[in-house]
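Enquirer: One structure, as structure tokens, below. Some questions next.
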Amino acid sequence: MIAVAVLRLCLLTATVTALSAHAADKVPDVDSVPHLKERGREEYAKFRSGELHRAFAIAPGGAWSWTGQAASADEAADGALEACAKQTRQRCVLYAVDEKIVFDAKGWPSLWGPYQSRAAAAQAAIGVKPGERFPDVAFKDATGKRQTLKDWRGKVVVLHFWGSWCSPCRHEMPDLQTLRESLKDRGDIVFVLLQSREPFSLSRSWAEKQGLRLPLFDSGSTGEADAAFTLSDGSKIADRTVAAQFPSTYVVDKSGLVVFSHAGAVPKWVEYAAFLRDAAERSGK
């Protein structure tokens, strides 16, 4: 009887292992998963070879989580979504459950929504979190003309804080330019790049030497010791209030509300083109 039990246990183990391997073969490799950074890509590889029941959840911006060896597929899905939600203010969705891809690729770019109406946006609190009105920063264009973020109301604004002294900033600039060029048909999507802790002349000189064609604006920074941005009313806001690290990027919808933010460099900016198009189509109503 003991020998029979051991044999059954061995057969069961082999079956589970075979099912896991079979499931991993069916689940696409990591290059199919959007927005993942290096750590997420490593964990997705573990997920693919994990035992059932398992689920992998993702969110715009690269947040992720996965659960394995759950009692059921539903339990795995709930666990992955709950853990993912703790890491981001963006909405998490399921990418895969067990051996099935459940990812809604068509709906993915709409996750910055639902967008608030103009009337609701006018009552929103000022802040940098999704759903808040971004502080009305003031800056100058390349000709020296003063502008404020509010002047761009009615357009989707990619607000990017950077510096030529910042290695990750320099590294992602070509990809950010590729994103902008892919959206040239949309006059209602604009890019505002503001330098921090260095004079505008220095950041512009660096960009010109690199052959970059991105819209640089002068934040008014005077140098390394100048760690603040100027608001439209003349007051100052600490740069770390809006940029916990450099680079930092916000997407502000047509009503002036933050719909997305990201601290640090983005591996593939072009993956956000569809999100920006969705915001341009559906926000500001």
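Enquirer: Could you check the range 186-285 for strands (runs of 3 or more DSSP E) lying wholly inside it with 3 or more residues that are surrounded by fewer than 17 Cβ atoms within 10 Å (Cβ to Cβ)?
Expert: Working: elements: 189-195, 228-230, 236-238, 248-252, 258-263.
By residue number, 236-238.
Enquirer: I need the full set of residues from the range 73-102 which are of a type in the set (A, V, I, L, M, F, W, C) and within 22 Å of S49 (Cβ to Cβ), in order please.
Expert: Narrowing the range 73-102 to residues of a type in the set (A, V, I, L, M, F, W, C): 73, 76-77, 80-81, 83-85, 92-94, 96-97, 101-102.
Correct list: A73, A76, A77, A80, L81, A83, C84, L94, A96, V97, I101, V102.
Enquirer: Also, I was wondering about something else. May I ask you to verify whether S261 is assigned by TED's automatic domain parsing to the domain that holds C169, polar (S, T, N, Q), within 21 Å of R146 (Cα to Cα) and modelled with pLDDT of 95 or more?
Expert: Working: assigned by TED's automatic domain parsing to the domain that holds C169: yes; polar (S, T, N, Q): yes; within 21 Å of R146 (Cα to Cα): no; modelled with pLDDT of 95 or more: yes.
Taking the combined requirement at face value, the residue does not satisfy it.
Enquirer: From the list A124, A207, A142, A138, exactly one residue is modelled with pLDDT of 95 or more, assigned by TED's automatic domain parsing to the domain that holds G264, in contact with an Asp or Glu (Cβ under 9 Å, 6 or more places away or on another chain) and farther than 14 Å from F229 by Cβ. Which is it? So that I can check it myself, show each step before the final result.
Expert: On the way: A207 fails: in contact with an Asp or Glu (Cβ under 9 Å, 6 or more places away or on another chain); A142 fails: modelled with pLDDT of 95 or more; A138 fails: farther than 14 Å from F229 by Cβ.
Result of the check over A124, A207, A142, A138: A124.
Enquirer: A follow-up question, please. Just give me the residues in the range 98-116 being closer than 24 Å to D29 by Cβ and assigned to a loop (DSSP other than H, G, I, E, B), in sequence order. Spell out the reasoning first.
Expert: Here is the first cut: in the range 98-116, the residues closer than 24 Å to D29 by Cβ are 98-109, 111.
The answer is D98, E99, V102, F103, D104, A105, K106, G107, L111.
Enquirer: Ok, one more. Please specify each residue of the range 175-212 satisfying the condition of being more than 28 Å from A238 (Cα to Cα) and in contact (Cβ under 8 Å) with a residue 60 or more places away in the chain.
Expert: T178, L179, S182, L183, R186, D188
Enquirer: If you don't mind, there's one more thing I want to ask. So how many residues does the range 59-80 have that are under 17 Å from the mean Cα position of the chain (by Cα) and either aliphatic (A, V, I, L, M) or not assigned by TED's automatic domain parsing to the domain that holds F47 (or both)? If you could, list the steps in order and put the result at the bottom.
Expert: Of all residues in the range 59-80, those under 17 Å from the mean Cα position of the chain (by Cα) come to 59-65.
Next, from what is left, pick out any that are either aliphatic (A, V, I, L, M) or not assigned by TED's automatic domain parsing to the domain that holds F47 (or both): 59, 63.
The number of residues fulfilling the criteria is 2.
Enquirer: Would you call D74 within 30 Å of F47 (Cβ to Cβ), out of contact with any strand residue (DSSP E or B) (no Cβ under 8 Å at 6 or more places or on another chain) and either among the small types (G, A, S) or free of Cβ contacts under 8 Å to residues at least 24 places away in the same chain (or both)? Please lay out each step first, then the result.
Expert: Numbers: within 30 Å of F47 (Cβ to Cβ): yes; out of contact with any strand residue (DSSP E or B) (no Cβ under 8 Å at 6 or more places or on another chain): yes; either among the small types (G, A, S) or free of Cβ contacts under 8 Å to residues at least 24 places away in the same chain (or both): yes.
Considered against the rule, which asks whether it is within 30 Å of F47 (Cβ to Cβ), out of contact with any strand residue (DSSP E or B) (no Cβ under 8 Å at 6 or more places or on another chain) and either among the small types (G, A, S) or free of Cβ contacts under 8 Å to residues at least 24 places away in the same chain (or both), D74 comes out as yes.
Enquirer: Starting from residues that are under 23 Å from G107 (Cα atoms) and touching a Leu at 6+ places or on another chain (Cβ under 8 Å), keep the ones in the range 13-52 and report whichever is modelled with the lowest pLDDT.
Expert: Per the criteria, the residue is V30.
Enquirer: Still on this structure: Within 19 Å of H171 (Cα to Cα) and among the acidic types (D, E), is that true of E224? Walk me through how you get there before you give the answer.
Expert: Working: within 19 Å of H171 (Cα to Cα): no; among the acidic types (D, E): yes.
It is false that E224 is within 19 Å of H171 (Cα to Cα) and among the acidic types (D, E).
Enquirer: What's the number of the condition A225 fails, among (1) more than 19 Å from P60 (Cβ to Cβ); (2) touching a strand residue (DSSP E or B) at 6+ places or on another chain (Cβ under 8 Å)?
Expert: (2)
Enquirer: Of all residues in the range 98-121 being within 23 Å of S248 (Cβ to Cβ) and among the aliphatic types (A, V, I, L, M), which is modelled with the lowest pLDDT?
Expert: Step by step, filter the range 98-121, then rank; the result is A121.
Enquirer: Now for a separate question. For the range 100-113, indicate whether the set of residues that are under 21 Å from P215 (Cβ atoms), more than 24 Å from the chain's Cα centre (by Cα) and among the basic types (K, R) is non-empty.
Expert: First pass over the range 100-113, keeping only residues under 21 Å from P215 (Cβ atoms): none.
The answer is no; no qualifying residue exists.
Enquirer: Which of (1) modelled with pLDDT of 95 or more; (2) touching a Ser or Thr at 6+ places or on another chain (Cβ under 7 Å); (3) surrounded by 19 or more Cβ atoms within 10 Å (Cβ to Cβ) does L149 not meet, given it meets every other one?
Expert: With (1) modelled with pLDDT of 95 or more; (2) touching a Ser or Thr at 6+ places or on another chain (Cβ under 7 Å); (3) surrounded by 19 or more Cβ atoms within 10 Å (Cβ to Cβ) applied to L149, the lone miss is (2).
Enquirer: Residues to consider are R240, R213; find the one that is modelled with pLDDT under 95 and in the same structural domain as F139 (by TED's automatic domain parsing). Walk me through how you get there before you give the answer.
Expert: Working: R240 fails: modelled with pLDDT under 95.
Result of the check over R240, R213: R213.
Enquirer: Let me ask something else. With the condition kept exactly as written, say whether any residue in the range 127-134 is farther than 17 Å from V251 by Cα, outside any loop (DSSP other than H, G, I, E, B) and not assigned by TED's automatic domain parsing to the domain that holds E38. Please lay out each step first, then the result.
Expert: Initial filter on the range 127-134 (farther than 17 Å from V251 by Cα): none.
Within the range 127-134 (the criterion being farther than 17 Å from V251 by Cα, outside any loop (DSSP other than H, G, I, E, B) and not assigned by TED's automatic domain parsing to the domain that holds E38), the answer is no, since none of the residues qualifies.
The values are calculated or read from the model by the stated rules, or taken from the named source; none is laboratory data. On a predicted model such as this, the values are computed, not experimentally measured, just so you know. For neighbour counting, all protein chains shown are included, and Cβ atoms are generated from backbone atoms with ideal geometry for every residue, glycine included.
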